[in-house]
Amino acid sequence: MPLSPPPPQKRLGQNFLIDLNIVRKIVAAAAVEPGESVLEIGPGRGILTRTLCELPNTVTALEVDSHLVGYLKETLNCSNLDLRHADALQFAYDTLPDSTVVVANLPYYISTPLLFKLLGANSHISRMVLMLQAEVAERIVAEPNTDDYGIISILTQYRADAKIAFRVSKNCFRPRPDVDSAVITLRTRPHPAVSRSTEVVFVKVVRAAFAHRRKTLINSLRDEGFFSTQLTDALTTTGIDPSRRAETLSIDEFAAIANALASISS
Ligand code: SAM
């Protein structure tokens with residue numbers, strides 16, 4: 001008798017793909033090359049894992065649900081699969097081989113913290129193909145001067161070149177989710193616009209600038225605890241008008257402000 005899969009657990013974001021055409025499109029978008037390794041987060045019932053394991057590459061898969069890990073061990077017979085019972089938020093991504101490609105239909109309830117963890121491992125991860133909530137995908141790829149442009153756009157795009165590959169209907173999943181989905185591709189930048197040492201200031205500036213979207217840049221940053229004199233000096237040095245609003249600034253402009261503030265305070 002074939003083993004029946006464990007029932008889906010909503011709290012773990014278990015909306016399983018049921019459309020093999022979407023699976024093929026995801027694997028094609030990943031374009032995994034010989035010598036690269038694949039990391040899948042949340043293999044679930046294994047629909048994507050099975051197709052990934054047809055590649056001649058090593059596939060590591062992290063699944064937090066022990067029932068699914070047991071089910072996958074019984075039902076998948078892949079010699080190139082390293083299946084781990086692990087929480088993807090706690091995983092040490094710096095243990096991955098250098099050219100790792102992440103391919104995943106992410107659990108949406110933790111997609112943003114997971115995305116930032118993966119972007120932080122850019123020396124090991126060269127590309128990612130991720131299924132996300134469509135609304136989050138739109139915000140990730142958004143350009144300045146649009147409503148969707150904000151913290152997640154900037155903190156992703158300074159680390160990676162981000163594009164929407166295709167959209168996916170709710171009908172391609174069981175149970176059917178409440179939201180539409182989209183697959184994005186991220187090509188990580190080996191040399192981000194901000195150095196590791198200035199990164200903390202950069203993230204603070206971006207978060208503070210968008211904390212009050214309607215206010216001018218200088219007022220928003222001041223309200224979030226930056227010193228007026230240092231801010232005025234940094235904006236003068238970079239030639240950025242203090243009366244602009246956060247959503248009009250490019251990533252390079254945010255990077256310039258962070259670099260100027262870091263050199264003023266050191
Ligand atoms: N890849 C499968 C598919 O496409 O049908 C399942 C995708 S489902 C949207 C997300 C998967 O992530 C589930 O299997 C869930 O158990 C798993 N998951 C949830 N939280 C996790 C975590 N913290 N670490 C690893 N896996 C997790």
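Points to keep in mind about this one:
- Residues of region 107-125 satisfying the condition of being under 14 Å from Pro97 (Cα atoms) and at pLDDT 95 or above: Leu118, His124, Ile125
- Among strands (runs of 3 or more DSSP E) entirely within region 43-162, having at least 1 residues that are touching a Cys at 6+ places or on another chain (Cβ under 8 Å) and assigned by TED's automatic domain parsing to the domain that holds Asp19 singles out 59-63, 81-85.
- Test for Pro97: is it within 23 Å of Arg50 (Cα to Cα) and either surrounded by fewer than 18 Cβ atoms within 10 Å (Cβ to Cβ) or free of Cβ contacts under 8 Å to residues at least 60 places away in the same chain (or both): yes
- Scanning region 40-63 for residues that are over 19 Å from Arg174 (Cα atoms) and among the hydrophobic types (A, V, I, L, M, F, W, C) turns up Leu52, Cys53, Leu55, Val59, Ala61, Leu62.
- Number of positions in region 50-91 that are near the ligand (Cβ under 7 Å from one of its atoms) and closer than 20 Å to Pro7 by Cβ: 4
- Boolean, Leu217 is at pLDDT 95 or above and touching a Pro at 6+ places or on another chain (Cβ under 8 Å): yes
- Picking from residues in region 12-37 that are near the ligand (Cβ under 9 Å from one of its atoms) and in a helix (DSSP H, G or I), the one that is surrounded by the fewest Cβ atoms within 10 Å (Cβ to Cβ) is Leu12.
Residue-wise test of (1) of a type in the set (Asp, Glu); (2) closer than 18 Å to Thr188 by Cα.
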position: Asp87; (1), (2): yes, no
position: Ala104; (1), (2): no, yes
position: Tyr109; (1), (2): no, no
position: Asn122; (1), (2): no, yes
position: Gln133; (1), (2): no, no
position: Asn145; (1), (2): no, no
position: Tyr149; (1), (2): no, no
position: Ile152; (1), (2): no, yes
position: Leu155; (1), (2): no, yes
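- Pair list, Cβ under 8 Å, 6 or more apart: region 41-52 residue surrounded by fewer than 20 Cβ atoms within 10 Å (Cβ to Cβ), other residue part of a loop (DSSP other than H, G, I, E, B) and among the aliphatic types (A, V, I, L, M): Ile47/Ile18; Arg50/Leu76
- Candidates Arg139, Arg167, Arg159, Arg174 - the one that is among the charged types (D, E, K, R) and under 11 Å from the mean Cα position of the chain (by Cα): Arg159
- Here the condition is being of a type in the set (S, T, N, Q) and farther than 26 Å from Gln133 by Cβ; of Ser181, Ser197, Ser169, Ser250, it holds for Ser197 alone.
- Positions within region 159-195 being of a type in the set (S, T, N, Q) and in contact with a Lys or Arg (Cβ under 9 Å, 6 or more places away or on another chain), in sequence order: Ser181, Thr185, Thr188
The values are calculated or read from the model by the stated rules, or taken from the named source; none is laboratory data. Worth saying up front: this structure is predicted, and the values here are computed from it rather than measured. Note that each Cβ is placed from the backbone with ideal geometry, even for glycine, and that neighbours are counted across all protein chains shown.
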